[in-house]
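Take a look at the structure set out below.
The values are calculated or read from the model by the stated rules, or taken from the named source; none is laboratory data. These numbers were taken from a predicted model, which means no experiment stands behind them. Quick reminder, even Gly has a Cβ in these numbers, built from the backbone with ideal geometry, and neighbours come from all protein chains shown. Just the protein is used for accessible areas: all its heavy atoms, side chains included, with ligands, DNA and RNA removed. Shrake-Rupley method; radii C 1.70, N 1.55, O 1.52, S 1.80 Å.
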Amino acid sequence: MLFYSYFKTLVGKEVTVELKNDLAITGVLHSVDQFLNIKLTNTRVVNEAKYPHMMSVRTCFIRGSVVRYIQLPANAVDVEILHDATRREARGG
């Protein structure tokens, strides 16, 4: 639940999601669920020349199991909060 809780704090921020098929999509995080399924709005493809058919997509739902990486905005990462949450999760509470 650590990642789910963290991603809930990023709702409304712009993120880039890289999929396992090498497609990278940038958009505003609209929602995330406990399975780390992601809904993005105002999307755009990072490599539009390679994926021209994706240029018209503005909202997308991404299944959590196909995500390779999620690139976060640098100002959204608070390392101390992550360290504390990781310690609490490791202790089981």
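In degrees from 0 to 90, rounded to the nearest 10, what is the angle of the helix 79-91 Cα long axis to the longest principal axis of the chain?
With both axes taken from Cα atoms, the answer is about 60 degrees.
How much space per residue, in cubic angstrom, does the convex hull of the C-alpha atoms of the chain take up?
Per residue, the Cα convex hull of the chain comes to 94 Å³.
What length, rounded to one decimal in nm, is gained on full extension from S31 through to V11, with 0.36 nm per residue of separation minus their alpha-carbon distance?
6.6 nm
Is there a quick way to get the dipole size of the chain? I mean about its Cα centre, with the Cβ of Lys and Arg at +1 and of Asp and Glu at -1; what is the value in debye to the nearest 20?
My answer is approximately 220 debye.
Between A49 and L2, what is the spin-label point distance in nm, taking each point 7 Å from the Cα along the Cα→C-beta axis?
Result for the modelled spin labels: 4.0 nm.
Roughly how many Å² is the accessible area per residue of the chain, as a whole number, for a 1.4 Å probe? Please report the intermediate quantities before stating the final value.
Values: 6170 Å² over 93 residues.
That works out to 66 Å² per residue.
Once neighbouring chains are kept in place and the probe is 1.4 Å, which whole percent of the accessible area of the chain is contributed by carbon and sulfur?
Solvent-exposed carbon and sulfur of the chain make up 55 percent of the total.
Could you order the peptides 9-15, 49-55 from most to least packed, using the average number of other C-beta atoms within 10 Å per residue?
9-15, 49-55
Can you compute the modelled spin-label distance between R58 and A90, with each label point 7 Å from Cα toward Cβ, in nm?
Here the answer is 4.6 nm between the modelled labels.
How high is the relative contact order of segment 10-64, in percent, counting Cα pairs under 8 Å that sit 6 or more residues apart? Display every interim value, and only then the final one.
Working: 101 pairs, mean separation 15.9, N = 55.
Computed value for segment 10-64: 29 percent relative contact order.
Would you please put 62-75, 17-30, 79-92 in order of how densely packed they are, using the mean number of other Cβ atoms within 10 angstrom per residue and starting with the highest? Can you show the working numbers first?
Numbers: 62-75: 12.6, 17-30: 16.3, 79-92: 9.9.
My ranking of the peptides, most packed first, is 17-30, 62-75, 79-92.
Sum up the charges of everything whose Cβ sits under 14 Å from the Cβ of N21, counting Lys and Arg as +1 and Asp and Glu as -1, but leave N21 out.
Neighbourhood net charge equals +2.
If you put +1 on each Lys and Arg Cβ and -1 on each Asp and Glu Cβ, how big is the dipole of segment 29-73 around its Cα centre, in Debye rounded to 20?
Numbers: 6 positive and 2 negative charges, 14 e Å.
Around 60 debye, computed over segment 29-73.
Eight or more residues apart or on different chains, and alpha-carbon atoms under 19 Å: count the Lys pairs in the chain matching that.
Value for the chain: 4.
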